[in-house]
Amino acid sequence: MKGLAGKQGRASWMLWILILTLMLAGCSGGSSDPGTNGDAQEPGENSGSTGTPGDKTFDNKELNIAVFEGGYGNEYWKAVAEKFEADYPGVKINMTSNPKIMDIIKPQLVAGNPPDFIYVSPDENTGTIKSLVKEGALLELNDVFEGKALDTDAPLKDKITDGLLEYMEPNRDGKIYYAPNYMSVLGLWYNKNLFETKGWEAPKTWDDFFALGETAKSDGRSLYTYQGIYPSYNESVFWPAVAAAGGTEAMEQALSYQEGGFTQEPVKQVMGVFERIAREDHLMRGTVALNHTQAQTEFLKGNALFIPNGSWFESEMKDAPREDGFEFGFLGVPVFNEGDQPYVLSSFEAMYIPKKAKNPELAKEFLRYQYNDDIVKLNAEKSKGVVAVKGAVELAKDYIPESAYNAFKVYDEGTMPLMVQWTQTPKSEVIINDELFNPLSDVMNKKMSADQWGDKVEQASGKLRNLLNP
């Protein structure tokens with residue numbers, strides 16, 4: 001066009017060139033140059049001051065996503081796919097959702113033809129995500145979180161719930177492979193209305209907790225129950241209690257298979273809590289034979305004062321029978337001494353981009369998009385879930401049960417979040433989480449003492465320690 005203008009040298013041509021140039025600039029929408037990877041900017045950067053969605057264009061506009069269809073359903077993913085397509089004209093999202101999503105996509109992963117984006121818990125039961133980590137088959141996401149958010153002129157990492165990104169490094173080497181999605185808060189639950197009616201105080205210490213034992217019996221109730229054949233629900237009590245008793249250092253010592261990790265005093269104290277529940281007959285009769293919904297229903301009917309569970313509890317049991325006036329109350333976890341730092345177990349689900357994804361840059365954009373405030377709110381509306389973003393609880397307030405909102409508010413009351421990450425080990429017949437919680441049945445049936453329980457887990461931990469240090 002410059003050559004043409006030079007040849008003519010007339011004002012009318014110059015005006016025409018100016019108009020044409022402005023028209024072309026307006027139509028381009030910031031599209032990338034031919035021959036690029038499709039990104040208009042460097043990964044992690046946005047055009048404009050706030051990185052408005054749609055600022056980028058992509059040569060490859062087809063995105064294949066695979067999402068786990070669990071307790072949060074898939075209505076959100078349908079809605080966000082539709083909104084993303086509207087905000088990024090020409091983009092087409094192909095979604096596969098299924099309760100057994102990892103079984104569905106495993107052949108694709110094995111063949112080296114993975115979806116571009118995956119959503120599922122890191123602890124999904126096929127172990128495929130952990131295998132992908134070990135094989136180096138997930139894309140590193142540090143640039144996504146170091147780059148700007150799409151709806152604010154600040155790094156995306158500044159929007160994520162404090163302290164959470166360090167848990168997105170499965171190898172603990174500073175490299176992020178997980179992108180946090182839904183968060184849950186786990187602890188002890190009770191009937192808030194019952195306690196208010198009876199004038200009982202929710203216990204802050206374990207002494208307060210056991211003081212309610214005889215009170216419960218005199219009212220025809222038991223003090224405690226749990227999801228019997230799934231005893232690992234008790235982790236929501238076990239680990240926060242260990243951290244409160246001995247600091248997170250005590251917890252990390254056990255989780256990393258250090259010698260004496262399960263015979264150290266803070267762990268023995270916590271195991272002693274469970275032994276005392278059994279010894280003083282505070283466990284609801286028949287607990288060890290119940291599944292999770294059975295135990296939870298018995299709790300709702302008023303047969304036990306406390307049960308461990310997460311912030312999804314009310315939604316999960318919305319149709320279950322319950323005693324008159326039942327109101328979900330979240331306790332967290334008592335401490336051993338008044339003034340000790342309380343902790344609460346948090347869990348998360350996550351999103352991933354396979355290293356062999358055919359459209360990684362569009363997948364990264366879709367990932368960033370999940371953390372926009374309006375999308376976080378849309379997520380809460382459709383899934384009743386809370387995304388791991390600062391302020392997400394308030395954004396979700398109108399859509400989640402009041403009990404879940406109150407559970408998340410414990411962070412504002414000085415309770416510290418806690419997450420469980422066992423040290424990765426080579427393949428072994430030892431499944432350490434089972435070794436830790438399966439003996440609870442024997443403890444509750446008074447066939448095993450707390451000391452014997454600790455010794456048993458310590459032996460299993462020692463086997464894994466030897467594999468790490470042959």
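The values are calculated or read from the model by the stated rules, or taken from the named source; none is laboratory data. Treat the numbers as computed from the prediction; the structure is a model and nothing was measured. Cβ: placed from backbone, ideal geometry, glycine included. Neighbour counts: every protein chain shown. These accessible areas exclude ligands, DNA and RNA; they are computed on the full protein's heavy atoms, side chains included. Shrake-Rupley method; radii C 1.70, N 1.55, O 1.52, S 1.80 Å.
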**Item:** Criterion (surrounded by fewer than 22 Cβ atoms within 10 Å (Cβ to Cβ), closer than 16 Å to residue 122 by Cβ and not basic (Lys, Arg)) met by exactly one of 146, 166
**Value:** 166
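Just one of 301, 318, 384 is touching a Phe, Trp or Tyr at 6+ places or on another chain (Cβ under 9 Å) and either without any contact (Cβ under 8 Å) to a residue 40 or more places away in the chain or among the aromatic types (Phe, Trp, Tyr) (or both); which is it?
Every option except 301 fails the conditions.
When you go through 175, 217 one by one, which is the residue that is assigned to a helix (DSSP H, G or I), more than 22 Å from residue 385 (Cβ to Cβ), out of contact with any Ser or Thr (no Cβ under 7 Å at 6 or more places or on another chain) and among the basic types (Lys, Arg)?
217
Here's the yes/no breakdown for (1) out of contact with any strand residue (DSSP E or B) (no Cβ under 9 Å at 6 or more places or on another chain); (2) at pLDDT 95 or above; (3) under 22 Å from residue 301 (Cβ atoms):
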{"position": "176", "(1), (2), (3)": "yes, yes, no"}
{"position": "202", "(1), (2), (3)": "no, yes, yes"}
{"position": "205", "(1), (2), (3)": "no, yes, no"}
{"position": "210", "(1), (2), (3)": "no, yes, no"}
{"position": "213", "(1), (2), (3)": "no, yes, yes"}
{"position": "254", "(1), (2), (3)": "yes, yes, no"}
{"position": "262", "(1), (2), (3)": "yes, yes, no"}
{"position": "267", "(1), (2), (3)": "yes, yes, no"}
**Item:** Count of region 82-103 residues which are open to solvent by 10 Å² or more (accessible area, probe 1.4 Å), aliphatic (A, V, I, L, M), under 24 Å from residue 140 (Cα atoms) and not in a strand (DSSP E or B)
**Value:** 1
**Request:** Name, by its number, the condition in (1) open to solvent by less than 10 Å² (accessible area, probe 1.4 Å); (2) assigned to a helix (DSSP H, G or I); (3) within 27 Å of residue 316 (Cα to Cα) that does not hold for residue 118.
**Result:** (2)
**Request:** Would you be able to tell me the number of residues in region 172-217 that are closer than 18 Å to residue 322 by Cβ and either of a type in the set (S, T, N, Q) or surrounded by fewer than 16 Cβ atoms within 10 Å (Cβ to Cβ) (or both)?
**Result:** 5
**Qualifying residues in region 424-470 (those that are assigned to a helix (DSSP H, G or I) and basic (Lys, Arg)) - the one least open to solvent (accessible area, probe 1.4 Å)** = 465
**Message:** Of everything in region 394-414, what is over 14 Å from the mean Cα position of the chain (by Cα), modelled with pLDDT of 90 or more and part of a helix (DSSP H, G or I)? Give them in sequence order.
**Reply:** 394, 395, 396, 402, 403, 404, 405, 406, 407
**Item:** Residue match in region 290-301 (condition: over 26 Å from the mean Cα position of the chain (by Cα) and open to solvent by less than 20 Å² (accessible area, probe 1.4 Å))
**Value:** no
**Message:** Restricting to region 223-253, name every residue that is charged (D, E, K, R) and either open to solvent by less than 10 Å² (accessible area, probe 1.4 Å) or more than 20 Å from the chain's Cα centre (by Cα) (or both).
**Reply:** 249
**Fill in**
Residues of region 370-421 being aromatic (Phe, Trp, Tyr) and either surrounded by fewer than 18 Cβ atoms within 10 Å (Cβ to Cβ) or out of contact with any helix residue (DSSP H, G or I) (no Cβ under 7 Å at 6 or more places or on another chain) (or both), in sequence order, are 411
**Prompt:** Among the residues of region 104-115, how many are touching a residue at least 60 places away in the same chain (Cβ under 8 Å) and open to solvent by 40 Å² or more (accessible area, probe 1.4 Å)?
**Reply:** 1
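Looking only at region 121-143, which residues are outside any helix (DSSP H, G or I), among the polar types (S, T, N, Q) and surrounded by 14 or more Cβ atoms within 10 Å (Cβ to Cβ)?
121
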**Asked** Inside region 413-449, can you point out the residues that are among the basic types (Lys, Arg) and under 17 Å from residue 276 (Cα atoms)?
**Response** 446, 447
**Request:** Output the number of the condition that residue 417 fails; it satisfies all remaining conditions of (1) in contact with a strand residue (DSSP E or B) (Cβ under 9 Å, 6 or more places away or on another chain); (2) in a helix (DSSP H, G or I).
**Result:** (2)
**Request:** Output the residues belonging to region 315-364 that are acidic (Asp, Glu), open to solvent by less than 60 Å² (accessible area, probe 1.4 Å) and within 23 Å of the chain's Cα centre (by Cα).
**Result:** 349
